[in-house]
1. Give me the residue from the range 147-170 that is outside any loop (DSSP other than H, G, I, E, B) and over 19 Å from Glu243 (Cβ atoms) and, out of that set, farthest from the chain's Cα centre (by Cα).
2. Are any residues in the range 407-427 hydroxyl-bearing (Ser, Thr, Tyr) and open to solvent by less than 80 Å² (accessible area, probe 1.4 Å), and if so, which ones?
3. Does Arg388 satisfy the condition of being modelled with pLDDT of 95 or more, open to solvent by 10 Å² or more (accessible area, probe 1.4 Å), outside any loop (DSSP other than H, G, I, E, B) and over 30 Å from His60 (Cβ atoms)?
4. Restricting attention to the range 457-473, and to residues there that are part of a loop (DSSP other than H, G, I, E, B) and under 9 Å from Ser399 (Cα atoms), which single residue is least open to solvent (accessible area, probe 1.4 Å)?
5. Might you let me know whether the range 124-139 holds any residue that is assigned to a loop (DSSP other than H, G, I, E, B) and either assigned by the TED database to the domain that holds Ala286 or in contact with a Pro (Cβ under 8 Å, 6 or more places away or on another chain) (or both)?
6. Being within 14 Å of Gly359 (Cβ to Cβ), modelled with pLDDT of 95 or more and surrounded by 13 or more Cβ atoms within 10 Å (Cβ to Cβ) is the requirement here; does Arg441 meet it?
Amino acid sequence: MITLSNNPTLNPVPMPQDDDEDPRNGAVEANDHAHQSPLKKPRLTRPISEPDILQEFSHHQQGFARINNGSFGSCPRSVLSAQNTWHLRFLQQPDEFFFNSLRKGILESRAAVKALINADDVDDVSLVDNATTAAAIVLQQVGRQFADGSFRKNDAVIMFHCAFPAVKKSIGAYIGPAGGSVVEVRLPFPVRSDEEIIAEFKKGLERGKINGGRVRFAMIDHITSMPSVVLPVRELIRVCREEGVDQVFVDGAHSIGSVPVDVKEIDADFYVSNLYKWFFAPPAVAFLHCKNSKGLVDLHHPVVSQEYGKGLALESSWVGNRDYTPQLVVPSILEFVNRFEGGIKGIMKRNHDGVVKMGTMLAESWGTMLGSPPEMCASMIMVGLPSRLCVTSDDDAMSLRTHLRVYHRIEVPTYYQALRNEDRDPKDKDGFITGYVRISRQIYNTDEDYHRLKNAINQILEDGKICSMLPVE
């Protein structure tokens, strides 16, 4: 249970009224279509001020430049307080919570997500732990299609080489043993345009046709994690449709709260995004949108519970006795973001503009460059490190990251990019650039966070150190 400085109220949380009490939890059935109306207009709340923002994130450890929101996200105190109230409500009277409150609360959160992403039907929206869970849900179905002969042994799954490691492991676990092959498309980086990415993806699709095979399933990131780039998902999906790819899964782990998400426009078969990275939820909760979910009878949560066979949304909403409070606070998150001018769209613009400004400042100070044009980043951007740091391996990058955290109190991911093409590989005045930092910008960040990073790197260079010489303990 989370404890905050002020005791949360023990009064029941206001819930939507429903004439039909259902002794289960979490998903919509035939008599629930009254809940599928668009999200109610948010109540007018007091506009947020900069001191309010500092207070909302005052539980962050003081003295650190926390410019790594992309890895773990951040949750404001007001949302943590709402979560704590849900915790207490369960602990006070579990029966009432289970039979009367949990199902309605999850349904309200799913309805809020439905409106946020412009989905057709709340039945198409499931709440799961994270993008890794969503990938497992879908990939086990794809694996069965390879195993039962619906897909042939020389058919393939396609993904970018920089797909999130856990998702790549899932593809290996579910697809390889079932007889499918995997085509990895190398993401051009540093990247200059969407067209470069689309061209490489088309080459990967052609490789998937070798020996008469077909690409059956595409795993496409909306925003890659490392290196971080916003991919042209709609164009890539259009290419997949033209080439006869059966299903497309978009891993939008970093997307909601960072870029606009309209599932109708994107037109993926499956779309997942974590709510705890850029949408201020406590960990861990994500939404999985399945287009035309009523026709997906073979799609199941990997944890089999008493709700098995009743549809993915219901299966996902009860996987045994566990903490469901992250799924219940979506309405509280909306109240928080609507205190900002422009709501979540205003926050996205604020963060994008801020990260581009600070990324440009760092690149100019270090004599390097950005890893992508500003229009191909959202709230994260890659910045080249000076070649004199000699980032020559993944170990060097990790040593630098650890050194910055331990000795400079800076949290920032680092990345090693091996040389591949001398005509393309970027240079500064001293040599080839092979190291990068991925900086994030969230509403709690200040410009001083990034100037601290700038000064730390410059100090390392002034001291004549390279990555392999840095102390890390």
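The values are calculated or read from the model by the stated rules, or taken from the named source; none is laboratory data. As the structure is a computational prediction, the values presented were derived from the model and not from experiment. Heads up, the Cβs are rebuilt from the backbone with ideal geometry, glycines too, and the neighbour counts pull from every protein chain shown. Only protein heavy atoms, including side chains, enter the accessible area calculation; ligands, DNA and RNA are left aside. Shrake-Rupley method; radii C 1.70, N 1.55, O 1.52, S 1.80 Å.
1. Of everything passing the filter in the range 147-170, Ala147 is farthest from the chain's Cα centre (by Cα).
2. Listed by number, the residues that qualify are Thr414, Tyr415, Tyr416.
3. Yes.
4. For the range 457-473, the residue satisfying everything is Leu470.
5. Looking through the range 124-139, at least one residue is assigned to a loop (DSSP other than H, G, I, E, B) and either assigned by the TED database to the domain that holds Ala286 or in contact with a Pro (Cβ under 8 Å, 6 or more places away or on another chain) (or both).
6. For Arg441, the condition - within 14 Å of Gly359 (Cβ to Cβ), modelled with pLDDT of 95 or more and surrounded by 13 or more Cβ atoms within 10 Å (Cβ to Cβ) - is met.
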